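Report on the following structure.
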Amino acid sequence: MAQEVRGVIAPGKNEPVRLETILVPDPGPGEAVVEIQTCGVCHTDLHYKQGGINDDFPFLLGHEAAGVVESVGSGVTDVAPGDFVILNWRAVCGQCRACLRGRPQYCFDTHNARQKMTLKDGTELSPALGIGAFADKTLVAAGQCTKVNPEIAPAAAGLLGCGVMAGMGAALNTGGVARGDAVAVIGCGGVGDAAVMGARLAGAAKIIAVDIDDRKLETARSMGATHTVNSRSTDPVEAIRELTGGFGADVVIEAVGHPETYRQAFYARDLAGTVVLVGVPTPEMTLELPLLDVFGRGGALKSSWYGDCLPSRDFPMLVDLHLQGRIDLGAFVTETIGIEDVEQAFARMHAGDVLRSVVTL
């Protein structure tokens, strides 16, 4: 029997979000209902609200979440009621060509719950990234639930569900940052700061944070940046080269998703260095680079989707590192808010006033 719970929906393009009663069905085969404890306010949710993802309104927003499994459908064996889980938006299939080649982090056929959550009048909701966690409870594919150590604070754990994992994975997985490397991170929001933290964890000798906001640069230093560059007043390419003996960084992580900052990343890397794009561009953006420069500089130009993570491998590892005191996931939580405060949180995020507002339920 479907349950009535509160949920935050985006009713139409650029319309204010609304707190509505939504219906969550009992889990079917391969599905789970999760009681949400916390959910971060991520920029991707704002993209949904603005119509920047698609136009499948109304959306049930929220995806960066942690909670407790309430019930599971038939055939579910990896999680059980009572398990503390982080939700992920890439439940691997195990059968596609990537999975069969032993590369499940690149799964080409990830999936979500088959049933739909609805409004009380029967209107079907589109859950953000297949999750929809600005709600008391949500229905997901069981593979979207990753069991982790329940000793971690839910507000810190949930952020691994998207932004923090994307940034840390860009450094650790996609960029392959190694001990002694020089790393530059362009864009120091939540994802960029997570990349800084990941580079520090990997043993980078020099971590150069680049942004146009001195507040963000100060936060990046607290996450492990050894140097900062305000690109509003300083040419970041020249500054990164100067800080690296004239050569450029071994790995440059672009966490903005804009052609101008991508070009900066391209020219700020050392010969045979790596550029990692983890910032999300908009559909109309295009990039132009001299092909001879692409050829002549060598190295690698990579994009990082969800930090090339495998949730079953990476979430428990990072939670354990947090509990050991080796990384501080709680540092990304700027404030905790109520479910009715999501619209105001979007405004604070857009203004750059927070790393993450986290809804607690």
In the chain, lysine pairs closer than 26 Å at Cα, eight or more apart or cross-chain: 15
Sequence-separation-based contact order of the stretch 318-361, relative, with Cα cut under 8 Å and 6+ spacing, percent: 42 percent
Table column - 3J(HN,Hα) (Hz), the stretch 17-32, Karplus curve with 6.51, -1.76, 1.60, x for Gly and Pro: 6, 10, 8, 10, 7, 10, 9, 10, x, 4, x, x, x, x, 10, 9
List Thr38, Thr123, ordered by accessible area with a 1.4 Å probe, largest first: Thr123, Thr38
Alpha carbon centroid spacing (whole Å) that separates the stretch 234-280 from the stretch 311-325: 29 Å
Beta bridges by DSSP in the chain, antiparallel share as percent, to the nearest 5: 55 percent
GNM top mover of Leu287, Leu172, Leu318 - the chain, alpha-carbon springs below 10 Å: Leu287
Rounded, prolate or oblate (a/c below 1.5 giving rounded, otherwise prolate when a/b exceeds b/c) for the chain by Cα gyration tensor: prolate
Charge context of Phe57, other residues only, Cβ under 11 angstrom, K/R +1, D/E -1: -2
GNM top mover of Phe247, Phe266, Phe295 - the chain, alpha-carbon springs below 10 Å: Phe295
Assigned charges on the beta-carbon of Lys, Arg, Asp, Glu; the stretch 196-303 dipole about Cα centre (debye): 360 debye
Cβ-defined net charge surrounding Val17, 11 Å radius [Lys, Arg +1; Asp, Glu -1]: -4
Contact order relative to length of the stretch 127-216, as percent, for alpha carbon pairs under 8 angstrom and 6 or more apart: 25 percent
Net charge over other residues, Cβ less than 14 angstrom from the Cβ of Thr146 (K, R count +1; D, E count -1): -2
Long-range amide H partners of Ile253 with built H, under 5 Å: Ala184, Val185, Ile186, Val276
Vicinal HN-Hα couplings computed from phi for the stretch 4-12 (Karplus, 6.51 cos²θ - 1.76 cosθ + 1.60; Hz; Gly/Pro x): 9, 9, 7, x, 9, 10, 9, x, x
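The values are calculated or read from the model by the stated rules, or taken from the named source; none is laboratory data. Note that the coordinates shown come from a computational prediction; the quantities given were computed from them, not determined experimentally. In this analysis, Cβ positions are derived from the backbone assuming ideal geometry, glycine residues included, and neighbour counts consider all displayed protein chains. Accessible surface areas use protein heavy atoms only, side chains included; no ligands, DNA or RNA. Shrake-Rupley method; radii C 1.70, N 1.55, O 1.52, S 1.80 Å.
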